[in-house]
Amino acid sequence: IAKKVDADGVHLGLEDIPVSEARAILGNEKIIGGTANTIADCLMHERNGVDYIGLGPFRMTKTKIKLSPFLGLDGYREILPKQNNRVIVPVVAIGGIRLDDIELLKRVSSIHGIAVSGLIAETEDKKDLLAAINEKLT
């Protein structure tokens, strides 16, 4: 479907097709991301050539039914430490992230970004929310 609609890329869950298969279908120009819950998942995705990793879930989220174990701050600190990080590709924190979590995640880990679809969906004033998110990310 991603190829047919000329999407910018795809995100692969742990039980989806391998990165190599997606890359063969989409080519090198498209973005391929992969879900991870452990350092082993991160390193496996990195070896297989993902462009980014979605690490999580941070906590419970309503946007997904089948969840891996929650990582919380301790999990991010352990898997993606601020110093001596073993993961080279960009890592995005995913899963139940709230506005107040952004600064904490940045303080304890070397994340490159956050995914906040649930937070956006649950918030009425999206314009103010996005401004607050951008402020915390800079």
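The values are calculated or read from the model by the stated rules, or taken from the named source; none is laboratory data. What you see is a predicted model, and the numbers here were worked out from it, not measured in a lab. A quick note on method: Cβ atoms are made from the backbone with ideal geometry, for glycine too, and the neighbour counts reach across all protein chains shown. To get the accessible areas, we keep the full protein, side chains included, count just its heavy atoms, and leave off ligands, DNA and RNA. Shrake-Rupley method; radii C 1.70, N 1.55, O 1.52, S 1.80 Å.
Scanning segment 113-127 for residues that are of a type in the set (S, T, N, Q), open to solvent by 40 Å² or more (accessible area, probe 1.4 Å) and in contact with a helix residue (DSSP H, G or I) (Cβ under 9 Å, 6 or more places away or on another chain) gives no hits. Applying a threshold of 6 Å to beta carbon distances and a minimum spacing of six or more residues, or different chains, the list of pairs starting in segment 7-28 at a residue that is closer than 10 Å to residue 50 by Cβ and ending at one that is in a helix (DSSP H, G or I) and open to solvent by 30 Å² or more (accessible area, probe 1.4 Å) reads 19/48. Among the residues of segment 96-112, is any within 26 Å of residue 1 (Cβ to Cβ) and either assigned to a loop (DSSP other than H, G, I, E, B) or open to solvent by less than 80 Å² (accessible area, probe 1.4 Å) (or both)? Among the residues of segment 96-112, not one is within 26 Å of residue 1 (Cβ to Cβ) and either assigned to a loop (DSSP other than H, G, I, E, B) or open to solvent by less than 80 Å² (accessible area, probe 1.4 Å) (or both), which makes the answer no. Among the residues of segment 40-50, none qualifies, meaning not one is in contact with a Cys (Cβ under 8 Å, 6 or more places away or on another chain), at pLDDT 90 or above and not charged (D, E, K, R).
Restricting the first member to segment 120-138 and to residues that are in a helix (DSSP H, G or I), and the second to residues that are of a type in the set (S, T, N, Q) and open to solvent by 50 Å² or more (accessible area, probe 1.4 Å), the beta-carbon pairs closer than 9 Å and six or more apart or on different chains are 121/63. Taking each residue of segment 29-46 that is charged (D, E, K, R) and looking for partners that are outside any helix (DSSP H, G or I) with beta-carbon atoms closer than 6 Å, six or more apart or interchain, yields 30/9; 46/89. The residue list 93, 22 contains one member that is farther than 22 Å from residue 2 by Cβ, small (Gly, Ala, Ser), at pLDDT 95 or above and surrounded by 14 or more Cβ atoms within 10 Å (Cβ to Cβ), which is 93.
Table: residues versus (1) open to solvent by 70 Å² or more (accessible area, probe 1.4 Å); (2) in contact with a Gly (Cβ under 7 Å, 6 or more places away or on another chain); (3) at pLDDT below 95.
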| position | (1), (2), (3) |
| --- | --- |
| 11 | yes, yes, no |
| 15 | yes, no, yes |
| 57 | no, yes, yes |
| 64 | yes, no, yes |
